[in-house]
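Reading through the structure tokens given below for one structure.
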Amino acid sequence: MNASSPSPAQNQAATATLYGGVTNRRITVRDLATAKQRGEKWSMLTAYDALTAGVFDEAGIPVLLVGDSAGNCHLGYETTVPVTMDQMVMLSAAVVRGTKRAMIVADLPFGSYQESPAQAMRNAARLMKEAGVGAVKLEGGERSARSIELLVEAGVPVMAHIGLTPQSVHAFGGYPVQGRGDEAAHQLLRDAKAVQQSGAFAVVLEAVPAELAAQVTEQLTIPTVGIGGGPDTDAQVLVWTDMAGMTAGRVPKFVKQYADLRTVLGDAARAFAEDVRGGAFPAAEHSFH
Ligand code: KIV
């Protein structure tokens, strides 16, 4: 190696990517900014417990979201609205404990930040101090800009969430696609620019037309994370129970199901019950003498 050729460490730094490049520490907002510059796409999954989060961490998912979708996907509520700060702190702490490498982002639940930037700060601090998360997410574009600004000034990395914001389910009257029509599209662009301007390190675009999500992605310097936003966002997020086939009943059109865990688990439970009923379990090898 001569003086001008890069050392192996420099080589590794130059080629390090989110997948496989970062192995001995957690992913940071700087890694995600670098990924945007390189055009490297990344994935995010929700997680609500240590065990599942550990599986995703080992699989190399760089960012895990303790979403308030825990309300309907983990805690048995109809919507995300009833989820409390105490529940988010408990779930987030478990996800942090179960992982080594992923950046953990936790949702500020409904009612925990809308009152004022000071309320947002108080609750973001709880998620960072009590649960140990690396970033928080909150819903809203222009309307949340002041809170994002205060959090970022105080050293809290913020992921914004615009488009379909599930905490407003009752105001929307369901979960309709957002950003359709000129005025709505312009508002979405204004929202995206407002959260970037306020210092958010990334923004989730939920249920917006693919062409609009592509336009936002092109105009922003921070990464966009799509869910129902077509193929051109910088990253993609799915709710893990949808992605793995754990959700009962219909899933949204934008979900791709990569496994059928609900059937696998149900079959395992039925086989166990059958073995117990028939006396096949426990066998000699499962017993102490
Ligand atoms: O709560 C959640 O899981 C989310 C994702 C849908 C982005 O906000």
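Full-extension gain between residue 114 and residue 152, please, as 0.36 nm times their residue separation minus the C-alpha to C-alpha distance. Extra length from residue 114 to residue 152 when fully extended: 12.1 nm. Just checking the listed ones, 166, 252, 117: in the Gaussian network model of the chain with Cα springs under 10 Å, the one fluctuating most is 252. Our summary gives region 8-258 a relative contact order of 16 percent, counting only alpha carbon pairs under 8 angstrom and 6 or more residues apart. Exposed loop sites were defined as trypsin sites (Lys or Arg not before Pro) in DSSP loop states (anything but H, G, I, E or B) carrying at most 10 other C-beta atoms within 10 Å; in the chain the longest segment without such a site runs 26-249.
Per-residue 3J(HN,Hα) values for region 283-289, derived from phi via the Karplus relation 6.51 cos²θ - 1.76 cosθ + 1.60 with θ = phi - 60°, read 8, 4, 6, 9, 10, 9, 10 Hz in sequence order (x marks Gly and Pro). Legend: translational diffusion of the chain by Stokes-Einstein, Rh = Kirkwood radius over C-alpha pairs, 20 °C, 1.002 mPa s; D = 106 µm²/s.
A 1.4 Å probe run over the chain, with the rest of the protein chains in place, finds 51 Å² accessible per residue.
In a fully extended conformation the segment linking residue 250 and residue 262 would gain 3.0 nm over its present Cα-Cα distance, using 0.36 nm per residue. Here the Gaussian network model covers the chain, with springs between Cα atoms less than 10 Å apart; of 60, 199, 181, 181 fluctuates the most. Residues whose amide H falls under 5 Å from that of residue 66, counting only those 5 or more places apart or on a different chain, are 47, 105, 106, 107, with hydrogens built in the peptide plane. Extension gain for residue 37 to residue 184 (0.36 nm times residue separation, less C-alpha to C-alpha distance): 50.1 nm. Here the sum of -39500 (n - 2.57) over DSSP H runs of 4 or more residues, divided by the residues of the chain, equals -11500 deg cm²/dmol at 222 nm, to the nearest 500. If R0 is 51 Å, the Cβ-Cβ spacing of residue 177 and residue 274 corresponds to a FRET efficiency of close to 0.70.
The values are calculated or read from the model by the stated rules, or taken from the named source; none is laboratory data. Computed from a predicted structure; not experimentally measured. Glycine gets a Cβ as well: all are built from the backbone with ideal geometry, and neighbour counts include every protein chain shown. Please note that ligands, DNA and RNA were not included when accessible areas were found on the heavy atoms of the full protein model with its side chains. Shrake-Rupley method; radii C 1.70, N 1.55, O 1.52, S 1.80 Å.
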